[in-house]
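Every number here is computed from the coordinates shown, using simple stated rules; none is lab data. As the structure is a computational prediction, the values presented were derived from the model and not from experiment. Heads up, the Cβs are rebuilt from the backbone with ideal geometry, glycines too, and the neighbour counts pull from every protein chain shown.
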Amino acid sequence: MRNATVFLGGGRITAALAAGLRLAERRLGKRRSDRAARKIVVYDRHPEKLRALRRESRVEVERDLKSAIERAEMLIVAVRPASVKEMLGEVAACGARVPKLCVSVAAGIPLRSLQRWVRGAVGGDAVRWVRTMPSPVCRIGRGLTPLSFARGVSKSDRARVRRMFAQVGAVLELPERQMDAFTAAYSSSHGYHALATLAKAAQDAGLDRKTALIAAAHALSDGIVYWRESGQSLDGLLHEAATPGGIAAAAMAAMNEAGYVQAVAGGIRAGVKRARGNARL
């Protein structure tokens, strides 16, 4: 019976999504009948990953690929980009009918390649793909998920995909041509990297580690919350926070002179280049 969301791959993104979906379920207090209609099933070759997922998020596990696909109402391909082609080849060879709605979380793999690689599967020509890249922060329900739909995805299927990812955070629909740049720009790693770098610099300036982290976290997270909730422009807030001739203005000027703007731009370009390289796999 096709009544499950089936993940092919039990890695970090699957673990984060499964945890976030279960958290949303508990917060909303869904009835048992609702939970039964929204089963999460995970297939992976590695038993230890399946055991960990079952312990953490109460997912159902499948060690047989054909059985997993036969249960899928929505199929989510959650393996590394370099493994997607091989995974879809195994899907085609197993003999199970692929559901019409498939989602890929593999960075950089274009919709046209996904469609081509699944074409040999039973029902493969009828598959309609969605590209996405959930943030690991979806584990706590504060994620951000970009979605790019292939032509032919029905309104009801679009709504279904949006509803699922909306349970774990904000959802943003993008044209596929913007997916790689968005993936490079929105990663939570930027925040962690900035936090670690700013805190280390504060330590070097004389703060103990705990106080340095408090100061850096306030600078990043609370300032961004204020921007979101105040409705003020970013330029206006920068002017407010960095008074000409003051400490903040001096710090910002020195960072820019040291190449801060160029370094960030170079990082985004490198991320986009890597994502586009995946398209040639």
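Before moving on, here are some points about what is shown:
- Scanning segment 193-207 finds one or more residues that are of a type outside the set (A, V, I, L, M) and within 20 Å of ARG274 (Cα to Cα).
- Inside segment 91-102, residues that are surrounded by fewer than 16 Cβ atoms within 10 Å (Cβ to Cβ) and not in a loop (DSSP other than H, G, I, E, B) make up a count of 2.
- Unique match (being in contact with a helix residue (DSSP H, G or I) (Cβ under 6 Å, 6 or more places away or on another chain) and over 30 Å from PRO146 (Cβ atoms)) among ALA254, ALA248: ALA248
- Residues (without any contact (Cβ under 8 Å) to a residue 40 or more places away in the chain and on the phi > 0 side of the Ramachandran plot) located in segment 120-160: GLY123, GLY152
- Elements of the type helices (runs of 4 or more DSSP H) sitting completely within segment 131-238 and holding at least 2 residues that are within 22 Å of the chain's Cα centre (by Cα) and within 23 Å of GLY266 (Cβ to Cβ): these cover 179-186, 189-204.
- Checked against the criteria, ARG163 does not count as surrounded by 15 or more Cβ atoms within 10 Å (Cβ to Cβ) and without any contact (Cβ under 8 Å) to a residue 60 or more places away in the chain.
- Of the residues in segment 257-280, at least one is more than 29 Å from the chain's Cα centre (by Cα), assigned to a helix (DSSP H, G or I) and not aromatic (Phe, Trp, Tyr).
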